[in-house]
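To start, the structure under review is shown below, and the notes come after it.
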Amino acid sequence: MAMSMRSRAHVANKEAVLDGVVDVIMSEVEEAVDRATAPADDQVEFEFGLDLVLDGLERLRVRR
């Protein structure tokens, strides 16, 4: 079944909003990492976990 013009616009709007949300989250997280003052071992673990989250968000954004 074909999507109506209104449905396509609605989907495109959701994609644009999602892209914006991902960009804001990634920016805030990157700034938090720059400000982090955790000990070295904790810092490595934090950055590893953060990379996993950011990779997942990026894949979600690309998929949409």
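The values are calculated or read from the model by the stated rules, or taken from the named source; none is laboratory data. Keep in mind the model is a prediction, meaning the values are calculated, not measured. So basically every Cβ, Gly included, is an ideal-geometry build from the backbone, and we count neighbours across all protein chains shown.
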Flagged in the stretch 21-64 as among the basic types (Lys, Arg) and under 30 Å from residue 11 (Cβ atoms), in numbering order, are 59, 61, 63, 64
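Take the residues of the stretch 23-49 that are of a type in the set (Val, Ile, Thr) and at pLDDT 80 or above: which is farthest from residue 61 (Cα to Cα)?
Taking the candidates together, the pick is 44.
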Residue pairs within 6 Å by beta carbon, gap of at least six or interchain, first lying in the stretch 3-22 and farther than 22 Å from residue 56 by Cβ, second surrounded by 12 or more Cβ atoms within 10 Å (Cβ to Cβ) and among the acidic types (Asp, Glu), listed first then second, are none
